[in-house]
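To start, the structure under review is shown below, and the notes come after it.
The values are calculated or read from the model by the stated rules, or taken from the named source; none is laboratory data. Quick caveat: nothing in here was measured; it's all calculated off a predicted structure. Note that we place each Cβ from the backbone using ideal geometry, even for glycine, and neighbour counts take in every protein chain shown. With ligands, DNA and RNA removed, areas are computed over all heavy atoms of the protein, side chains included. Shrake-Rupley method; radii C 1.70, N 1.55, O 1.52, S 1.80 Å.
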Amino acid sequence: MNSNRNERKGGVLTEVLALKNITKDYPGVKALDDVSISFEEGEVHALIGENGAGKSTFIKTISGAIKPTSGTIAYEGKEYPYLEPKQAIDMGIAVVYQELIQFEAMSVADNIFMGVESESKGLVVNEKERCEKAKALLAKFDCDVNPATLIRELSIANRQIIELAKAMVRNAKIVIMDEPTAAITVSEQEKLYQVVKQLKADGVTVIYISHRLEELFEICDRVSVLRDGQYVTTVNIEDIDKQDMIKYMVGRELSNAYPPKEPAQSEVVLEVENLSGNGVEGINFQLHKGEILGFAGLVGAGRTELMHLIFGNAKKTSGIIKVKGKEVHLSSANDGMKAGIGLIPEDRKFQGCFIDKPIFWNISISDIDHLTKGGVVDQKAEMKLAEDYKERLKIKTPFLKQLTSGLSGGNQQKVVIAKVLASNPDILIFDEPTRGIDIGARHEIYLLMNELAESGKSILMVSSDMEELLGMSERIIVLHEGHQAGEISKAEFSQERVLSFASGI
Amino acid sequence: MEKANKKSIGEILVDLSLPILLVALVIFFSIMTDKFFTPLNLTNILVQNVHVAVCSCAVMIIMISGGCDLSIGYQMSVAAVLVCKMMTVYGVPVPVALLCAVVLCSLLGTFNGFMAQKLKSNTMIVTLGTMAIFQGISYLISESKTYHNLPKSYMFLGQSKVFGVIPVNVIIMIVIVVIVGFVMGKTAIGRKVYAAGDNPEAGRLAGLNVAKIKVLSFTVAGVLVGISAILLSARSGSADSSTGVGIEFTGITACVLSGVALKGGEGTLWKVIVAVFVLGILANGMQLINLGTYPQYIAKGVIMLVSLYMTNKNSKAM
Ligand SMILES: Nc1ncnc2c1ncn2[C@@H]1O[C@H](COP(=O)(O)OP(=O)(O)OP(=O)(O)O)[C@@H](O)[C@H]1O
Ligand SMILES: [Mg+2]
């Protein structure tokens, strides 16, 4: 890697792609404001910035998903005012989008090969051959999903991996990854890093967007920073540390990644005894008032499945759930909400919110029964509620009537959290609470979680982000293949301990 | 945890729910009346539903591409009166007339798809409009007349039998079903139609020309509708402007019954065809056991709901 770096400094490598003076206007926001960044052959170039900084908009400009309002794109010596998706693909630009824009009802193989010319040249699709090719690609990520499986049956993590495989199959010259590690676990991250390094060795340019700043030091050569749609700087990775990155991103220094919190009270609010169903078996734990209880495990360990079971969104086959000492029988999410449980699901696009509805609509929907006057929705009260949560969670939007789909990923997540909080639950389940959320907003969410816990609410938190899990939880329960592999108390917290339980050792 | 690809017994049963329903209906009507399970009646059911099956292929293609076409009935009507008028009034040779009907319908279909793209509007609303246009065209052509005395070679398509047993139109239907099934299930272009309906945005980003694929689906569906119009008028030996009207609803019913997703991107041809014959057997059987028209409606609705419950497909697609 070092020799590579020296080469680049010596000016041997050439510029392949440059965006010049790109501006993108949306009604009410300048998503990009006169941004110019250039990319060199064979470099891994990170793009960082807070939620809504314009990172996704920037890469969508490169891939042709959107047309910039002004500016030009220079690729291999030619200049273009904008690109069409097809054009970008033919030029060798492949993208892993943040939002997983996929064919839900089609197979893994279909998703990987759709639109790939060499595949569709023949009249008849060679199912066997493409399945084998897909298998080989997925094997690079140690992913043994059957290529004939429908996408909608996969977990988010595996869907993410499918997108990566899709980018590989196109033999791209430029591979863009928008938060590829947001939803995958430590072991899969390692494989992703391997793939990135392999791509780099093959001379491919990788543009890498991530909120996990630590990982950038492992794989990147240079970092460019965006703030509020404007270009801040580009630096070599060895010339910058995490603190500086944050400073560039938020324009100020941030203290204390994981804020301190008052310890939990002794009162038990949730008891789970020998709970089985939905792919998990024999789960036992107690949740105390004001506690943040973390759940760790590898992909497929059944963490999300367990949460849905507790929420009532899946059927238990045996066992007991007690809320505040009383046994509850939950057979739907509605039951769960009535019992005072709220779920912030991992998949915000399909489960978390109504993406094509305005922000205020999303926030008020779970409490809409209380926002009426004689059965008619009281729009003033509704807007006020939305306004409150917008302030409290710092949702970044010009107006609350904006469609949720037009928000940046991190701000969408805040809307989901607001929506759940509006129904005023006592027990909150956070499934990957900061997935795709920048460091500043992440901090706000941590503060919010602590504040909620200190005000007497209790929290179950599933996270694949080890640091976050260790930083926020007071206890951690580790699942392995649907079973409870162990429980770790705060005094014994360590990454090794969690991982050894999680891998079933 | 991911589901293993092997289907569970439950899933296989869901897959087979329509064939099971079909067999159950056959057994039921055979017990109820001895007029049902006779070679004559069974052939009748087949022959009477040939045009419905071909038309349902068209409906399926459009629905998979993410559209819906309410004007299919009047497309058929236009094609039927045109082809019959050309032959009987102007003495146009049969092959030329056939070709005209098919080409005309493919143009009407293309028009539907094209307008939906141009107006950036829902295909259901667009075809609600074109339906009225086609209705007008049909009556302008037919002048509200009915055309009889169609040429022998034309009637051959609808009424004759190979070796005296296998109806020609049934053979035509089988050929069409096989071709459509092959194109939709096995070819790259078929895959693209599914993709365009499943998630147009993902399709666009994968470099597909989604608009073109959607318009083309309507064009191909138009061809099938034209053929369907020929098959129907050739069998009944006459045509007027009411020929084929309302058939889109039978087609949509069969599609929905078989699990074609309303939002596009999902559907299996053989199931659609089975669904067509479930509806066909139901109509025929209820006639034979002398059930009145109104109880027939109710039975139809109940069957529809029951089989939706069994396949559970559409609730999943929500
Ligand atoms: N389709 C759209 N319509 C309106 N505004 C939009 C649209 N897409 C993006 N924006 C706005 O543009 C800005 C930049 O968004 P973008 O998605 O590029 O941010 P990001 O840096 O990728 O954030 P994140 O880290 O949360 O993914 C945001 O303020 C967002 O609200
Ligand atoms: Mg983004």
Next item on the list: Tell me, please, whether a residue that is within 11 Å of chain A (Cβ to nearest Cβ), surrounded by 15 or more Cβ atoms within 10 Å (Cβ to Cβ) and modelled with pLDDT under 90 can be found in segment B:153-166.
Entry: no
Checklist line | helices (runs of 4 or more DSSP H) within segment A:308-409 that include 3 or more residues surrounded by fewer than 18 Cβ atoms within 10 Å (Cβ to Cβ) | finding: A:333-338, A:379-393
Note to self: Can you tell me which residue is least open to solvent (accessible area, probe 1.4 Å) among those in segment B:76-97 that are farther than 18 Å from B:S142 by Cβ and assigned to a helix (DSSP H, G or I)?
What the structure shows: B:V94
Next item on the list: Considering only residues that are within 14 Å of chain A (Cβ to nearest Cβ) and open to solvent by 20 Å² or more (accessible area, probe 1.4 Å), look in segment B:211-222 and name the one that is nearest to B:L119 (Cα to Cα).
Entry: B:A211
Notebook entry, point to check: Given the conditions (1) under 24 Å from the mean Cα position of the chain (by Cα); (2) hydrophobic (A, V, I, L, M, F, W, C); (3) crowded, with 22+ Cβ neighbours inside 10 Å, which single one is not true for A:A139?
Noted result: (3)
Check: Assuming A:Y248 fulfils every condition listed in (1) open to solvent by 70 Å² or more (accessible area, probe 1.4 Å); (2) within 20 Å of the chain's Cα centre (by Cα); (3) more than 30 Å from A:A165 (Cβ to Cβ); (4) more than 16 Å from ligand 2 (Cβ to nearest atom) apart from one, which condition is it?
Finding: (2)
Notebook entry, point to check: Considering only residues of segment A:53-78 that are without any contact (Cβ under 8 Å) to a residue 40 or more places away in the chain and within 14 Å of chain B (Cβ to nearest Cβ), which is nearest to the chain's Cα centre (by Cα)?
Noted result: A:K60
Check: Got a number for residues in segment A:421-443 being within 16 Å of ligand 1 (Cβ to nearest atom), open to solvent by less than 10 Å² (accessible area, probe 1.4 Å) and assigned to a loop (DSSP other than H, G, I, E, B)?
Finding: 5
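Let's see how each residue does on (1) away from ligand 2 (no atom under 16 Å from the Cβ); (2) without any contact (Cβ under 8 Å) to a residue 12 or more places away in the chain; (3) out of contact with any helix residue (DSSP H, G or I) (no Cβ under 8 Å at 6 or more places or on another chain):
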residue: A:I355; (1), (2), (3): no, no, no
residue: A:A381; (1), (2), (3): yes, yes, no
residue: A:K384; (1), (2), (3): yes, yes, yes
residue: A:P398; (1), (2), (3): yes, no, yes
residue: A:T404; (1), (2), (3): no, no, no
residue: A:L421; (1), (2), (3): yes, no, no
residue: A:I427; (1), (2), (3): yes, no, yes
residue: A:P433; (1), (2), (3): yes, no, no
Item checked: Where A:S405 falls short, out of the listed (1) within 16 Å of ligand 1 (Cβ to nearest atom); (2) more than 14 Å from chain B (Cβ to nearest Cβ); (3) not charged (D, E, K, R) -> (2)
Note to self: So, in segment A:165-196, how many residues would count as being within 16 Å of ligand 1 (Cβ to nearest atom) and in contact (Cβ under 8 Å) with a residue 60 or more places away in the chain?
What the structure shows: 7
Notebook entry, point to check: Got a number for residues in segment A:53-69 being more than 16 Å from A:V16 (Cα to Cα) and away from ligand 2 (no atom under 13 Å from the Cβ)?
Noted result: 4
Check: Here is a list of conditions, (1) within 14 Å of ligand 1 (Cβ to nearest atom); (2) modelled with pLDDT of 90 or more; (3) farther than 19 Å from A:G352 by Cα, and A:A453 meets all of them except one; can you say which number that is?
Finding: (1)
Notebook entry, point to check: Which members of segment A:11-52 meet the condition of being touching a residue at least 60 places away in the same chain (Cβ under 8 Å), small (G, A, S) and not in a loop (DSSP other than H, G, I, E, B)?
Noted result: A:A31, A:S36, A:A46
Check: Tell me, which residue of segment A:79-98 that is more than 24 Å from A:M168 (Cα to Cα) and outside any loop (DSSP other than H, G, I, E, B) is farthest from the other protein chains (Cβ to nearest Cβ)?
Finding: A:E79
Item checked: Qualifying residue in segment B:176-199 (condition: open to solvent by 60 Å² or more (accessible area, probe 1.4 Å), away from chain A (no Cβ under 12 Å) and in a loop (DSSP other than H, G, I, E, B)) -> no
Next item on the list: Inspect segment A:444-462 for any residue being among the aromatic types (F, W, Y) and open to solvent by 10 Å² or more (accessible area, probe 1.4 Å) and give the result as yes or no.
Entry: no
Note to self: Filter segment A:283-303 down to the residues that are open to solvent by 30 Å² or more (accessible area, probe 1.4 Å) and over 14 Å from A:P263 (Cα atoms) and list them by number.
What the structure shows: A:N284, A:Q286, A:L298, A:V299
Notebook entry, point to check: Do any residues in segment A:481-505 that are under 17 Å from A:V186 (Cα atoms) have Cβ atoms under 7 Å from those of residues that are open to solvent by 60 Å² or more (accessible area, probe 1.4 Å), where the two are at least six apart or on different chains, and which pairs are they?
Noted result: A:G504/A:E481
Item checked: Selected residue (criterion: farthest from ligand 1 (Cβ to nearest atom)) from residues of segment A:206-220 that are under 14 Å from the mean Cα position of the chain (by Cα) and open to solvent by 10 Å² or more (accessible area, probe 1.4 Å) -> A:R212
Next item on the list: State which residue is farthest from A:K86 (Cα to Cα) when the search covers only segment A:180-201 and only residues that are within 16 Å of ligand 2 (Cβ to nearest atom) and either within 14 Å of chain B (Cβ to nearest Cβ) or open to solvent by less than 10 Å² (accessible area, probe 1.4 Å) (or both).
Entry: A:T181
Checklist line | Enumeration of residues in segment A:452-505 that are at positive phi and of a type in the set (D, E) | finding: A:E481
Margin query: If I go through segment A:47-68 residue by residue, how many of them are modelled with pLDDT of 95 or more and away from ligand 1 (no atom under 13 Å from the Cβ)?
Written below: 0
Notebook entry, point to check: Does segment B:45-67 include one or more residues that are out of contact with any helix residue (DSSP H, G or I) (no Cβ under 8 Å at 6 or more places or on another chain), within 22 Å of B:A275 (Cβ to Cβ) and part of a helix (DSSP H, G or I)?
Noted result: no
Margin query: What pairs come out if I take residues in segment A:299-321 that are within 14 Å of chain B (Cβ to nearest Cβ) and pair them with residues that are in a helix (DSSP H, G or I) whose C-beta lies under 6 Å away, six or more apart or interchain?
Written below: A:V299/A:A157; A:A314/A:H308
